[in-house]
Structures are given as structure tokens and as C-alpha cells.
Amino acid sequence: MTGLDFGVIQRALPFLLEGLALSFFLTAVAMLGGVILGLGLAVIRLSRWKALSILAAGYVNGFRAIPLVLVIFWFYFLVPLALGRSVSALQSVVIAFVLFEAAYYSEIFRAGLQSIRPGQWQAAYACGLGYFQTLRLVVLPQALRNMLPLMITQAVVLFQDTSLVYVISLRDFMTSASIVANRDNRLIETYLVAALVYFVICSIGAASASRLSARWRPA
Amino acid sequence: MTKAHIQASRTPAEIVEMPASVRVVPISQGRKPMVEISKLYKSYGPIEVLKGCDLVVERGEVVVICGPSGSGKSTLIKCVNGLERFDRGALVVDGVRVGERASDMTSLRARIGMVSQHFELYPHLTVLQNICLAQVHVLKRSKVEAQAKARALLARVGLPDKEGAYPAQLSGGQQQRVAIARALAMDPVAMLFDEPTSALDPEMIGEVLAVMLELARDGMTMIVVTHEMGFARKAADRVVFMDKGAIVETAPTQQFFDEPRAERAKLFLSRILSQ
Amino acid sequence: MNYSWNWSILIQPPYLGWLASGLELTLVISISAWILALIAGTLVGVVGTLPHRIPRMLAATYVGMFRNIPLLLQLFLWFFVVPELLPSGWGFWLKRDLPFPELWTSMLALGLFTSARVAVQVGSGITAVSSGQRMAAVASGMSPAQAYRLVLLPQAFRIVLPPLTSDFLTVFKNSALALTIGVFELTAQTRQIESFTFQGFEAFTAATIVYLVIALLVTFFMRTLERRVALPDTMGAAS
Ligand SMILES: Nc1ncnc2c1ncn2[C@@H]1O[C@H](COP(=O)(O)OP(=O)(O)OP(=O)(O)O)[C@@H](O)[C@H]1O
Ligand SMILES: [Mg+2]
């Protein structure tokens, strides 16, 4: 083993940054889609429509039982087949992540909505508000307080999970790092720096989540 | 004449009715006191909780500590078996200098029983297992020996049929009696009680006090933080009144109730007795 | 969508054998990683609740390290980087003489990664046990180790058993990442069946069903365990 040479990182910096940008992009899209779809799933699950609620529960528990890698493979294989034409790896991965994250965000929403006392619903109904008005105006704003730290924690997990697109060679930060590592035969330097980058980003996310939950702890 | 002689010559009913002043405390001449507290100071950050407390408890003596909330009673009693540290002063318990590194606190704690307000029975163990746990793991008694001891004590505190129950299945008064049995199982040389009845419903207070009274009559050295003045009258040799981290008054029981000297003690007494 | 179905592919040799050996590896990696995670996680969780600052900081650092780096990258670090950083004799042994290095690496990496989550759960379980319990134990002369072993941990484990179920499930899912360093566990095998036969639908369905069954079994196992160790409450008749 010759001495360590971190110059390799500097030379590959633009390439690595492009990868990092894709990681952030994937995280943002998956979070946005996952939150919207997850909210819908949670509302359906807590609704009076028995059949729909069971379907939503099946969706959530199904996705939560299988590995993300398998989900990525599934959609990489399935999306082109379903559309009848070839699609980019990025497109299939975005669909996979949104559907996968929706299952996890729906659980956060469900716990958040259930944390609101039934009295709040009744009070709102008594004022003449409808179901969705109550949800939007009364329940969600309160539930959001309890949920925000969990949502940030989930985003940190999601950011780490985007590294799994490595298995279909999509060039996120992880894949880019491994390409640089192998191309220049600098595995130690590249992986250590990659670990440091992930560590710093995720630590900041985790710290802000715990600060929020400490600030909002019910008095 | 010792307490044992008195007991032998009287019926149990007479003993219960007997005022504390009649009792003869078997203070063993020439032996060191059980607890010697001198000039004890302690602060939590900027708040001074103990401001130079002095107290000597002889062997066989029963001392009741009372005083308003936040006056430092719990802190003082926890210092005695080293559950709280103190900043300055000296504290010798059964010959062991508490607060010094070299002192064997573990074996001292095994010799000093403690009963607290919230019972603190181990919820994952049955009554019998609760009483045996420290006997087996600290005193290294055999399981058989520990169980025999536990059963004898359960009978003594009036719960012979509860050995298989879990704490959650008992009433508060029953739990506290088990907690007392658990402490007694270690054959303690002294017992510390921190408001043992204050978390109990009124109808259960009596059953716990009766057990404690009997213990006092048997010659156990006891330091009892309580506001049960009836118990103090019957069982205590001396009453200590604390306020704002200081021991304001120490007096023989009769004297404390008949003619308290400190103004704050008078006020406290009149309030608590009028309740 | 035109697709020629062929479900019988799943029971044909050699594919059935591939699935079986994949499942076996998934189970072996997951269960050994879980055992490692329970042991290391409990230790770190306990250290994180000690009354001194330095051990608490060490535990927090441990948890932060393993939680804030993606598992995939941790796997690569253990597989590619750590052997290079070790004294050359050890590194040589790891790379040349140790049989199935990728298998050992996945167990270790997955186990330590999961141990950070277990540590957080166990730590919060211990904190949830009232401070009076610790005091009662210490007051009866127990050493700190005895207080943890006999009083605090038995209660903490009962408290964290339900949340631990989801961590246990996650281990099985995360074991799929072992395929990135060449372990042919369940997901890798179905991927291989797909690329050999182009029957991806059947292969991935098989894997999905197996993971679902594992999830059901794990949940059932944990619920049974919860019921086994549950304490009778006041509603139950006193004996
Ligand atoms: N861990 C702690 N940190 C900071 N302050 C404390 C702590 N424990 C006790 N105190 C403070 O020390 C003072 C004495 O407390 P202590 O519990 O000894 O009082 P007490 O006489 O037992 O009162 P009570 O009758 O309410 O039990 C109180 O002002 C209390 O607020
Ligand atoms: Mg107190």
C-alpha cells in the first residue's frame, strides 16, 4: 500500500458533486411524492371506508416488508414492461422511491393524526366544519408539530437509501464515488471521504430533528 | 432493663397503647452511635439544600424527621446511605465514613434498609422474588434460605398468601408492606423511611404504620421522614424538625409536642395537627 | 403489455435450488447480524445511560457513526478499506485465508449498523424505567452491574420489545445489500434468475412472497415473545 493521496478527490470533484446533486434531487422528489401519497394513504386508512382502508393497510405493510433493493429491481424491470417502451433508470427509480417512501410517510402521518384527541374532531364538527376542513384546518396543523421531527429523521434515512441506486448503476453520490474509487484505484481515500460527506450531511439532519423534538416536547 | 423485658411482660395490645416515653431505649453503652451527621452541606447548583445539619442517632433509637416540603428531608436521609452525595461535612454510619472513596458503600447499603414513598418494588418480579433478589445476589444466600426468610417476613407483615403475586396486583398498602419485608430480609442494622405512607390512600396508612410501630418496638434503629404525628407520638424517641435545609429543632418526642421551642416548628405543628 | 408467463420456472432446476440457497443465506446473515446487534446494541445502550459524561459521549459517538453513514457504504468500508488499514499480517489473512470473506463482512457490517438502532431503543427503555428503581437496587447493596442486569434491563427489554420488532424486520430487508459485495442471497438469486430467463415477474414475485412470509413470521414470533414476558396487571386476578 503506497501512501494515501487525497488529490484524487480534488481531481474528481466535479464528477462527485454531480453525483451528490442527483442524491439530493432523488431525496427531494421521493420525499415530496412520498409525503403527498403518504398523507392520502393515512387518511384512507383512518377513514370509515372499510375496504379502502384494508387496501391501504395492505399497501403500507407490503412495501414495509420488502427490501428497497428488491423494489428498485421490480420497477427497473416493470416500468418499461408496463409502458411498452424503454425508460431511463432515473425514471423507474423515481417511481420506485415515491411509492416506497409513501408507505413510510403514511405511518408517520397515521401516528400523528392519531395523536390528536377525538375531542378536537368533535369540537370542529360542532362548529359545522366538514371532514376535510377539520383535517386541514384543525387536525393537521396540530399533528404536524409531532410529526416534523419524525419526517426529518425519515428524510435522513431516505437520503442514505438513495445510495442503493448503485445496484442499477445510476450515478448518484455513492455510485460516482465507487466509479472514482475503482477507476483511479483509490478505494481507501474515496470511500473514506464519501463516508465523511454522508456523515456530515446526515448528522446535521439528525441534529435538527432532535432539536425540533426537544423544543416541541409537550410542556 | 431492656425493651425485650418490657415486651415479655406486656400483652401486644398494651404495647401498642404504650406511650413512647414509657419505652426504654436500649442504647448500648460504650458503642458508637449508628449515625453521626456533622455540619453537612449540600447544594444543587446555586441552591443550598442542606445548610450544616447535625444529627446523632443512637443504636436502637427511633427518630422522626418532619418539616415543610422542600426542606431537605429526603436529601438528608439519602445522604445517610450514600444515594446522594454531599459537599462538605462528615457522616459516619455504623462505623463507615460515608463519602470517602475507600469506604465500602455497597456493603453499608446492604446493612441499611430503605423504604421510599413510591415502594419501588420490582414490577417484573413476584413478591417472593422481590424479597429474595438482593438476599441471593448481594448477601449470596442460597435460594432456599432466602425464600424461607422471605416467607417468614411476609407472615410478619401480614401478607402470607401474596408471595406469588406481582406488585401490580397488590394495593398500595400491601406493596409498601412488601417493600418493608424486602428491606428487612437483608437483616439491616438500621432502617430509613422516606414518607412511607404519603402515597397511600387513607384507609391503607394504618396497616403500614402498624408494621413500622412493631419494628420500632422490636428495637430497630429507624430514621423516619413522615408527617404522621400519631406515629411519631407512639414510636419516636426524638423528633427532628427541618426547615429550609437546616435542622431547626431536635427534641424528645413528648417535649416536641408539648412545648416546641422554634417558632416555625410551632406553626408547622399547629397546621398539621389541625388537619 | 405483452409478456409470456411461465410460473413453472420457479420450480424448475436449477432455479428452485437458487432460490433455496438464496433464502438460506438471507436467513443466516440476518439472524447472525441480529444476534450481534442485540449484544453490541445492549452494551452500547447501557453505556449510554451510565451516570458519567465520558461513557455517554462515547455511546453517542458510536450511534452517530453507525446511523449517519449509509449501510451500503459501511459494507464497502468493511470490505475494501478496513483490511487495508489493518496491520499487514491481519489484512493479508482477511483477504487471502479467511473463507467466505463477503459473508463474514455482511454479517459484521449489518450487525454493527443495526446495533446502533438497538442501542437507541435499549437506552430509551432504560431511561423509561423510573429512577427510583435504580435507587432501590443500589440502596439494597447491588453493584451497578447487578442493578442493570437484575432490575433495569429486564424492565427495559419489556418496554422496547414492540419497537424492536421493526428493527428485527429491517435486518432481513437490509441483508439484501450483501449482494453488492457478491453474496448470493435471496434478492441476488432472483435477479440472477431474471437475467438468465427473462422471467423477472415470476422471480421477483417469489422473492416478494418470501420476504412477506418472513415479515409475518417475525411479527408473530415477537408478539408471542411479548405475550410470554408480559406482566400480569391489576385486572388479572391476584393469585
Ligand atoms: N435532583 C435535584 N436537582 C435539583 N434540585 C433538587 C433535586 N432534588 C431535590 N432538589 C431540591 O432540593 C430541595 C430539597 O429537596 P428534598 O426532596 O430533600 O425535600 P423534602 O424535604 O424531602 O420535600 P418533600 O416533603 O416534598 O419530599 C428542594 O428545594 C428540591 O427542589
Ligand atoms: Mg421528600
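Some observations on this one:
- Karplus 3J(HN,Hα) series, Hz, for the stretch C:195-201 with 6.51 cos²θ - 1.76 cosθ + 1.60 (x for Gly, Pro): 6, 7, 10, 6, 9, x, 4
- Between C:R191, C:R158, C:R227, the residue with the greatest mean-square fluctuation in the GNM of chain C (Cα pairs under 10 Å linked by springs) is C:R227.
- Selected from C:A137, C:A176, C:A60 as most flexible by GNM, with chain C as the system and alpha-carbon contacts under 10 Å: C:A137
- Mean Cβ neighbour count within 10 Å, used as a protection proxy, ranking B:202-213, B:182-193, C:81-92 highest first: B:182-193, B:202-213, C:81-92
- Long-range amide H partners of B:R141 with built H, under 5 Å: B:V136
- Rounded to the nearest 20 debye, the dipole magnitude of the stretch A:68-219 is 460 debye, with +1 charges on Lys and Arg beta carbons, -1 on Asp and Glu beta carbons, and the Cα centre as origin.
- For the protein assembly as shown, the spread of Cα positions along the three principal axes, ordered from largest to smallest, is 104, 74, 50 Å.
- Selected from C:A109, C:L43, C:S88, residue furthest toward positive end of dipole (chain C; charges at beta carbon): C:L43
- The stretch B:158-275 - accessible surface per residue (Å², probe 1.4 Å): 38 Å²
- FRET efficiency for the pair A:A51 and B:E259, taken as 1/(1 + (r/R0)^6) with r the Cβ-Cβ distance and R0 = 56 Å, rounds to 0.10.
- Threshold 30 Å², the stretch C:62-76 residues less accessible with all protein chains present than alone (1.4 Å probe): C:N68, C:I69, C:P70, C:L72, C:L73, C:F76
- The Cα-based radius of gyration and maximum Cα-Cα distance (Dmax) for the stretch B:136-275 are 17.3, 54 Å.
- Computed over the alpha-carbon pairs of chain B, the distance histogram in 5 Å steps reads 1, 6, 12, 16, 18, 18, 14, 9, 4, 1, 0 percent, short to long.
- Only DSSP H runs of four or more residues enter the estimate; each adds -39500 (n - 2.57), and after division by the residues of chain A the mean residue ellipticity at 222 nm equals -26000 deg cm²/dmol.
- Under 5 Å from the amide H of B:V224 lie the amide H atoms of B:V63, B:V64, B:I65, B:F193, each residue being 5 or more positions distant or on a separate chain, with H modelled from the backbone and absent for Pro and chain starts.
- Inter-chain Cβ neighbour average for residues A:179-192, partner chain, 10 Å: 2
- Taken over the stretch C:40-165, the alpha-carbon convex hull comes to 136 cubic angstrom per residue.
- Phi angles across the stretch B:97-114 convert, under the Karplus curve 6.51 cos²θ - 1.76 cosθ + 1.60 with θ = phi - 60°, into 3J(HN,Hα) values of 7, 6, x, 9, 3, 6, 5, 8, 5, 4, 6, 5, 4, 5, 8, 10, x, 9 Hz, Gly and Pro given as x.
- Here the protein assembly as shown is treated with +1 on each Lys and Arg Cβ and -1 on each Asp and Glu Cβ, and its dipole about the Cα centre works out to around 660 debye.
- Within the stretch B:101-164, all pairs of alpha-carbon atoms sorted by distance into 10 Å bins from zero give the percentages 20, 48, 27, 5, 1.
- For the pair the stretch B:198-275 / the stretch B:35-70, the C-alpha centres are spaced 15 Å from each other.
- For the stretch B:166-173, backbone phi angles converted through the Karplus equation (6.51, -1.76, 1.60; θ = phi - 60°) give residue-by-residue couplings of 8, x, 5, 8, 10, 6, x, x Hz, Gly and Pro being listed as x.
- Principal axis dimensions, largest first and in whole angstrom, of the stretch B:127-197 by Cα: 30, 27, 19
- Largest to smallest in accessible area, the residues A:F25, A:F77, C:F204 fall in the order A:F25, A:F77, C:F204 (1.4 Å probe, all protein chains included).
- For the listed peptides C:166-172, C:111-117, a ranking on the average number of other beta carbons within 10 Å per residue, highest first, reads C:111-117, C:166-172.
- Taking C:Q199, C:Q146, C:Q121 in turn, the Gaussian network model of chain C (Cα-Cα springs below 10 Å) assigns the largest fluctuation to C:Q146.
- Alpha carbon Rg of the stretch A:7-215, scaled by the compact-globule rule 2.2 N^0.38 Å: 1.21
- Straight-distance crosslink candidates among lysines, where the alpha carbon sits under 28 Å from B:K162 and sequence neighbours closer than 8 are dropped: B:K140, B:K143, B:K149
- Environment charge of C:T170, counting only residues whose C-beta is closer than 13 Å and scoring Lys/Arg +1, Asp/Glu -1: +2
- For the stretch A:1-131, the Rg and Dmax computed from alpha carbons only, in angstrom: 20.9, 75
- Among the listed pairs B:K32/B:K244; B:K244/B:K266; B:K32/B:K73; B:K32/B:K266, those beyond 21 Å (Cα-Cα): B:K32/B:K244; B:K32/B:K73; B:K32/B:K266
- In the protein assembly as shown, a dipole from Cβ-located charges (positive for Lys and Arg, negative for Asp and Glu) runs towards its positive end, and of C:V138, A:V94, B:P188 it is B:P188 whose Cα lies farthest in that direction.
- The alpha carbon gyration tensor of chain C gives principal lengths a ≥ b ≥ c with a/c of 1.5 or higher and a/b no greater than b/c, which makes the shape oblate.
The values are calculated or read from the model by the stated rules, or taken from the named source; none is laboratory data. A quick note: this is a predicted structure, and the numbers were derived from the prediction, not measured. When we count neighbours, we look across all protein chains shown, and the Cβ atoms used for this are built from the backbone with ideal geometry, even at glycine. We work out accessible area using only protein heavy atoms, side chains counted, and drop any ligands, DNA or RNA first. Shrake-Rupley method; radii C 1.70, N 1.55, O 1.52, S 1.80 Å.
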